[in-house]
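Here's the structure we're looking at; comments come further down.
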Amino acid sequence: MTQINKNTGSEVEQVGKKERERGPGAMRVIVPLQGVVQGRGGVVLGSIIPCVLFYFLQLYLRRNRSSPPEPPPAESESQARSSQRIQRTLSRSPSRPVFVSSRAAHMSDREDSRYYLGWKAYNDDPYDAEINPHGVIQMGLAENQLSLDLIEDWLESHPDALSWGGAHNMPLSIRGIAGYQDSYGMPALRTAMAGFMGDVMKASFDPSQLILTAGATSAIEILGFCLAEPGNAFLVPTPYYPGFDRDIKWRTGVDLVPVPCRSTDNFNVTITALERAFNQTKKRGTAVRALLISNPSNPAGNTLDSNMLTMLLEFAREKNIHLICDEIYAGSVYDSPEFTSIAKVLESGEFDKSRVHIIYGTSKDLGLAGFRVGALYSYNDKVLKAAKKFARFCSVSSLTQRLLIAIISDTQFIQNYMSEHQRRLGERFSVIREGLKKAGIKCAKSNGGLYCWVEMANLMPSFNQKGEHKLWERLLSEAKINVTPGSACHCIEPGWFRVCFATLTDHDTIVALQRILEFSKRCKPYPQ
């Protein structure tokens, strides 16, 4: 016994010594209880039984132990790289605003004039005799709806113009409209348009000098690109159409120099005013490249006679600048004197035609604003060649061109239409003038356009631009009438407004005039 204990102690010491030599991280194999019972039980009690018990203990634990979770599938190399990129992206600091051009920033930050703000007010609360009788009545948009029923009647009597069967020997087939066309207009439409303009303006036009664009806006912008460098200027007699500030300036970079016209001259431009504006612009170091006029005037509604047009041609020749004539209301002259086109004046004398350009379209006289068909007629070969290429960005759809060819090629219908259209305009102008007269508002002398130029200075709280803006705001908010203030047209005299009358029905016209009358009675007159 003593020998056994000594041997056991010696073995323990040797085992401990070996464990210390292996170190703490080495693997150990343990046979349970063997050293405790080996002395008396022999091999069975000391070795076999403990091993059997240990085996059954392991089997029990293995059956009742929960299986470990399966490891996630290994990511592919591409997935690992993608995950790393996402983690790097998410860990970055907050992103900065993405770049936009200075042009976009300038246009988006620009404050709209009251001309466009009035449109927004109308769109937010549009008048409707049945659905919204207390909404805003639109009298700030020169849109022609007076004679649309005549166009509707023609379409009903010519169903072939809208069918796939064809119109006037020009089939409206998929092959006729789906292919590429000349970007500056189909030859057939340019020929038809030249004839239509000749009937309206009583002058001759060559189809080869005609460029068709998506609206007159595009036509006049093309001239901005062709006639001037960014920073150059056009002289424009005031009051002028508020849309020119967008149509010409925004993308071309051409500046517009207002040439003040006064009520004492019925807002007709004078050579004296032109000379002063030209010289002052030149002194500022800005080159003047063109004179832009509207005939009939928008918004004053008066027309220029042949003598004035001749003087303007001479002025352009003397200053070596171009002359742009916007004649989009040529067929909307309803009273004497008759309209005189610059093309007619050029036929009557020896002039330098290469500096003359005419703007026209179908939106006003025919009331087809949604067709987006404008016309640029130029006597300058270089301008024509460049304009054909610019027209690539503003061409008219083939379907629209086919339909318009059918309408304006019917010369008998066009003659009847223009006659009735002008009669209706004159009749509506008389109704508006008399209704405003009852409210103490006078109209300037005019004979053309879809609007009248009226003076409301006696209703302003003060005789200045601030007073004009205040009156416009009250008309919009109280009377629920949208008109265009003269300041939006760069008019030098406060208190003038453009009132459009061709968008309204007869009933709506009466409602609008009644609102203006009631509003005028509530206004405290400004002492004259």
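The values are calculated or read from the model by the stated rules, or taken from the named source; none is laboratory data. Since the structure is predicted, the reported quantities are computational estimates derived from the model, not experimental observations. Cβ coordinates were reconstructed from backbone atoms using ideal geometry, including for glycine residues, and neighbour counts include every protein chain displayed. Side chains are part of the model used for accessible areas, which takes the heavy atoms of the whole protein and leaves out ligands, DNA and RNA. Shrake-Rupley method; radii C 1.70, N 1.55, O 1.52, S 1.80 Å.
For the reader, a short list of remarks on this structure follows.
- Selection from the range 302-316 of residues that are of a type in the set (Ser, Thr, Tyr) and buried (at least 20 other Cβ atoms within 10 Å of the Cβ): Thr303
- Filter result for Leu256 (open to solvent by less than 20 Å² (accessible area, probe 1.4 Å), within 28 Å of Gly426 (Cβ to Cβ) and free of Cβ contacts under 8 Å to residues at least 40 places away in the same chain): no
- When the criteria are applied in full, Ser398 meets the requirement of being touching a residue at least 24 places away in the same chain (Cβ under 8 Å), in contact with a helix residue (DSSP H, G or I) (Cβ under 9 Å, 6 or more places away or on another chain), open to solvent by less than 40 Å² (accessible area, probe 1.4 Å) and among the polar types (S, T, N, Q).
- In the set (1) more than 21 Å from Tyr240 (Cα to Cα); (2) open to solvent by less than 70 Å² (accessible area, probe 1.4 Å); (3) within 28 Å of the chain's Cα centre (by Cα), Trp472 fails one condition alone, (1).
- Scanning the range 200-211 turns up one or more residues that are within 24 Å of the chain's Cα centre (by Cα) and modelled with pLDDT of 95 or more.
- Some residue of the range 478-499 being open to solvent by 50 Å² or more (accessible area, probe 1.4 Å) and in contact with a Ser or Thr (Cβ under 6 Å, 6 or more places away or on another chain): yes
- If you filter the range 100-115 down to residues that are assigned to a loop (DSSP other than H, G, I, E, B) and surrounded by fewer than 12 Cβ atoms within 10 Å (Cβ to Cβ), you find that the one that is modelled with the lowest pLDDT is Glu111.
- Residue within the range 227-234 that is open to solvent by less than 30 Å² (accessible area, probe 1.4 Å), over 16 Å from Leu376 (Cβ atoms) and of a type in the set (Gly, Ala, Ser) present: yes
- Set side by side, the residues Asp153, Asp160 differ, and just one is modelled with pLDDT of 95 or more, open to solvent by 40 Å² or more (accessible area, probe 1.4 Å) and farther than 25 Å from Glu473 by Cβ, which is Asp153.
- Ser419 meets all of the listed conditions (1) touching a residue at least 60 places away in the same chain (Cβ under 8 Å); (2) open to solvent by 50 Å² or more (accessible area, probe 1.4 Å); (3) in a helix (DSSP H, G or I) but one, namely (1).
- Scanning the range 201-225 for residues that are over 15 Å from Cys394 (Cβ atoms) and open to solvent by 20 Å² or more (accessible area, probe 1.4 Å) yields Lys202, Ser204, Phe205, Asp206, Pro207, Ser208, Gln209.
- Filtered residue count, the range 284-301, keeping only those that are in a loop (DSSP other than H, G, I, E, B), open to solvent by less than 10 Å² (accessible area, probe 1.4 Å) and free of Cβ contacts under 8 Å to residues at least 60 places away in the same chain: 1
- Residue check for Ala512: crowded, with 19+ Cβ neighbours inside 10 Å, under 28 Å from the mean Cα position of the chain (by Cα) and in a helix (DSSP H, G or I): no
- Only a single item in (1) surrounded by 16 or more Cβ atoms within 10 Å (Cβ to Cβ); (2) more than 27 Å from Trp250 (Cβ to Cβ); (3) out of contact with any strand residue (DSSP E or B) (no Cβ under 8 Å at 6 or more places or on another chain) is not met by Gly198, and it is number (1).
- For first residues located in the range 303-325 and at positive phi, partners that are open to solvent by less than 50 Å² (accessible area, probe 1.4 Å) and lie 6+ apart or on another chain with Cβ distances below 9 Å form the pairs Asn320/Arg355.
- Within the range 129-139, restricting attention to residues that are in a loop (DSSP other than H, G, I, E, B) and over 17 Å from Phe429 (Cβ atoms), the residue that is least open to solvent (accessible area, probe 1.4 Å) is Gly135.
- Residues of the range 234-256 that are closer than 16 Å to Cys325 by Cα and among the hydrophobic types (A, V, I, L, M, F, W, C): Phe234, Leu235, Val236, Phe244, Ile248, Leu256.
- Per this entry, Asn464 is counted among residues that are among the polar types (S, T, N, Q) and surrounded by fewer than 18 Cβ atoms within 10 Å (Cβ to Cβ).
- Where Ser341 falls short, out of the listed (1) open to solvent by less than 10 Å² (accessible area, probe 1.4 Å); (2) free of Cβ contacts under 8 Å to residues at least 12 places away in the same chain: (2)
- The set of residues in the range 163-178 being at pLDDT 70 or above and farther than 15 Å from Thr400 by Cβ consists of Ser163, Ile174, Arg175.
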